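For reference, the structure is listed below as structure tokens.
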Amino acid sequence: MRYSLRQLAVFVAVARHDNVSLAAESLAMSQSAASTSLAELERQFNCRLFDRLGKRLRLNGLGRELLPKAIALLDQAEELEQLLGQQDATGSLEIGATLTIGNYLAPQIIGSFLTDHPASRVELHVHNTHQLIDKLVNFELDIGLIEGEVEHPLLEEAHWVSDRLSIFCAPSHPLAQGLTQGLSQEGITLDRLLAARWIMRERGSGTRSTFEQALRPHLAGPSTSVAQRLDIMMELEHTEAIKRAVEAGLGIGCISRLALRDAFHRGSLIELPTPWLALTRAYRFVHHRDRFITQAMREFVASCRTLSGSASRSDEIVLPKVP
């Protein structure tokens, strides 16, 4: 064999960091050792894997083709090493989760997974949908837990559980007062939603995308921008910040019912019925189509499905009581 796993590890690290020095640091190597390893790999096969741009290295066409195969081979080698050492063969995981899943479900899943596989290591990265897709495409994550639609030719997905968004307000909000006066079967009307001030998730989030897709068919004109029609007072990245702002009476919001069910139960927030809006989406498992599916990934997905159990929707999932 004309290459070593160490050379492939250096190649993958340089591809991820675009820099030999940062790649060497991530592998606990000296910069000169990493440079020599990469240069030797290219010399042995008389090829170039990177375009050199000053101190930065960018994958060329051959390098981009090699990257997923090198990552898959390294993943398999790690599994083999653990198996030969008679250790827990689940290995390490880099998990990505969108904010609602990351805040409300992922901690319980990871806790259960590590209880069953104490020798494993899990890192959780919580970002919005757009950011997670970029990381999955660039092989920075093993698997993503994502809310809503994922459309990318390099990614594969599988359904986990359904999720529903809810539009909500503070009990003191005028729309909440209107609930006591009775509603038609249509619930809160479009005109009343357009007249309200909104506290929204940021652009690029799955929640924002699902909400805009649901509202768009009810607006006049195919090119009408939802953002232009709504009175958006604030855009916030975190669901808890949105809940606090809405509780303070600053506006109304729309996030996953999973994040709202306790507040609805306490009465600190009020759900505004909008049965005419298609606010249902899905939580999905997403991975790069060229990534080797490790035992760790399979076991983690199994932990997710164990947590959701027979629930058909995220807000029906029974979570452990917090003391």
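The values are calculated or read from the model by the stated rules, or taken from the named source; none is laboratory data. None of these values were measured; they are calculated from a predicted model. Because the Cβ atoms are built from the backbone with ideal geometry, glycine has one as well, and the counts that use them run over all protein chains shown. Ligands, DNA and RNA are excluded from the accessible area calculation, which covers all protein heavy atoms including side chains. Shrake-Rupley method; radii C 1.70, N 1.55, O 1.52, S 1.80 Å.
Couple of notes before you dig in:
- The chain: angle of helix 295-308 to the longest principal axis, Cα-based, in degrees nearest 10: 10
- The mean sequence distance of close C-alpha pairs (under 8 Å, at least 6 residues apart), as a share of the length of region 90-245, puts its relative contact order at 23 percent.
- In the chain, a dipole from Cβ-located charges (positive for Lys and Arg, negative for Asp and Glu) runs towards its positive end, and of Pro107, Ser21, Ala311 it is Ser21 whose Cα lies farthest in that direction.
- Partners for Lys55 among aspartates and glutamates (Cα-Cα distance below 16 Å; same-chain residues under 8 apart left out): Asp18, Glu25
- If R0 is 35 Å, the Cβ-Cβ spacing of Arg52 and Leu236 corresponds to a FRET efficiency of close to 0.25.
- Note that the chain presents 50 Å² accessible area per residue, ligands and nucleic acids not counted, probe 1.4 Å.
- Shape of region 10-59, Cα gyration tensor, a/c cut at 1.5: oblate
- Neighbour net charge for Thr294 - beta-carbon separation under 10 angstrom, K R +1, D E -1: -3
- Full-stretch length increase - Glu140, His265 - with 0.36 nm per residue and alpha-carbon distance subtracted: 41.1 nm
- Mean residue ellipticity, 222 nm, helices only, the chain: the sum of -39500 (n - 2.57) across DSSP H runs of n ≥ 4, divided by residue count and rounded to 500, is -12500 deg cm²/dmol.
- When the chain is treated as a GNM with alpha-carbon contacts under 10 Å, the residue of Asn60, Asn103, Asn128 showing the greatest mean-square fluctuation is Asn60.
- Rg in Å to one decimal, and Dmax rounded to a whole Å, for region 220-282 via C-alpha atoms: 13.3, 40
- Val318-Lys69 FRET efficiency (beta carbon distance; Förster radius 45 Å; 0.05 resolution): 0.60
- Think of each Lys and Arg Cβ as +1 and each Asp and Glu Cβ as -1; about the Cα centre, that makes the dipole of the chain roughly 460 debye.
- Simple spin-label estimate for Ala158 and Leu124 in nanometres, 7 Å along Cα-Cβ: 2.1
- Mean-position separation - Cα centroids, region 228-289 and region 49-80, in angstrom: 40
- Evaluated at q = 0.13, 0.18 Å⁻¹: base-10 log I(q)/I(0), Debye formula over Cα of region 1-90: -0.44, -0.79
- Across the chain, Cα pairs under 8 Å and at least six residues apart give a relative contact order of 23 percent.
- Nearest 10 degrees, 0 to 90: helix 106-116 Cα axis against the chain principal axis: 50
- Shape call, region 279-323: gyration tensor on alpha carbons, a/c limit 1.5: oblate
- Most mobile listed residue (Ala170, Ala119, Ala220) in the chain, GNM with C-alpha springs under 10 Å: Ala220
- Among Ile232, Ile252, Ile101: highest mean-square fluctuation, GNM of the chain, C-alpha pairs under 10 Å: Ile232
- Percent carbon-and-sulfur accessible area, the chain, ignoring ligands, DNA and RNA, probe 1.4 Å: 51
- 0 to 90° range, to nearest 10: angle between helix 206-215 axis and the chain longest Cα axis: 40
- The value obtained for region 72-174, namely the Cα convex hull volume divided by the number of residues, is 131 Å³ per residue.
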